[in-house]
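Worksheet: one structure, shown below.
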């Protein structure tokens with residue numbers, strides 16, 4: 001009798017699991033079909049960004065230039081020079097080509113952050129359904145760029161209670177390259193550009209973002225080939241990129 005009950009319960013469990021799998025597959029298919037045929041739906045969106053700064057310490061140094069670019073629209077970007085309101089070292093000018101006189105008619109980051117926040121959250125497009133998650137891609141995002149962004153946003157959050165970055169998901173292309181290409185000697189953006197034979201950035205925010213986007217696409221293409229998954233899948237479901245890097 002015990003063996004019979006065991007087999008019966010095992011059979012019922014498998015039937016339930018199969019039913020749940022069918023339901024899950026149906027909703028996945030329905031979601032993909034709905035998104036495919038409704039043009040004003042934007043799935044979880046990927047945005048590339050880069051900051052040029054007065055130094056390498058995100059807790060003490062200041063932003064002097066920024067650029068944000070939408071993944072599927074190269075012409076949709078925002079960029080500008082930012083006044084750090086402090087003297088910048090000559091080596092920063094030598095690296096970036098940004099001279100002190102370029103700050104004369106520019107404002108500090110607190111005058112730019114609302115524009116940046118609104119851009120990230122989709123106000124650059126009209127008649128579009130809101131997207132819950134914004135995947136923000138930067139090279140060394142976790143240890144550098146995200147800290148600068150969150151620091152600037154903290155001031156905005158103090159004055160506007162509706163402002164939140166809870167829907168921001170940071171994807172670090174540096175960590176992605178280290179995991180995907182462990183034998184590469186250097187994982188700097190310029191080294192990756194050389195590795196993939198693409199144009200390198202010039203340490204200006206807009207140029208570096210263009211390079212970042214190209215390198216990131218090369219990394220995702222390689223990831224897709226290794227996993228035998230279509231290149232476009234990862235851009236439709238960027239949470240899979242996040243999972244690959246951090247899990």
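Quick notes
- Summed over the range 76-105, the residues that are within 13 Å of residue 66 (Cα to Cα) and in contact with a strand residue (DSSP E or B) (Cβ under 6 Å, 6 or more places away or on another chain) give a count of 8.
- Checked against (1) at pLDDT below 95; (2) exposed (fewer than 12 other Cβ atoms within 10 Å of the Cβ); (3) over 19 Å from the mean Cα position of the chain (by Cα), residue 157 meets all criteria but (2).
- Any hit, the range 37-50, residues being exposed (fewer than 13 other Cβ atoms within 10 Å of the Cβ), out of contact with any helix residue (DSSP H, G or I) (no Cβ under 8 Å at 6 or more places or on another chain), part of a loop (DSSP other than H, G, I, E, B) and modelled with pLDDT of 65 or more: no
- Here residue 216 meets the list (1) within 18 Å of residue 141 (Cα to Cα); (2) touching a residue at least 12 places away in the same chain (Cβ under 8 Å); (3) over 17 Å from the mean Cα position of the chain (by Cα); (4) in a helix (DSSP H, G or I) almost entirely, failing just condition (3).
- Residues that are in contact (Cβ under 8 Å) with a residue 40 or more places away in the chain, part of a strand (DSSP E or B) and over 23 Å from residue 231 (Cα atoms) within the range 59-74 comprise 63, 65, 66, 67, listed in sequence order.
- Inclusion of residue 191 among residues that are assigned by TED's automatic domain parsing to the domain that holds residue 81 and at pLDDT below 95 is not warranted.
The values are calculated or read from the model by the stated rules, or taken from the named source; none is laboratory data. All of these numbers come straight from a predicted model, not from anything done at the bench. Heads up, the Cβs are rebuilt from the backbone with ideal geometry, glycines too, and the neighbour counts pull from every protein chain shown.
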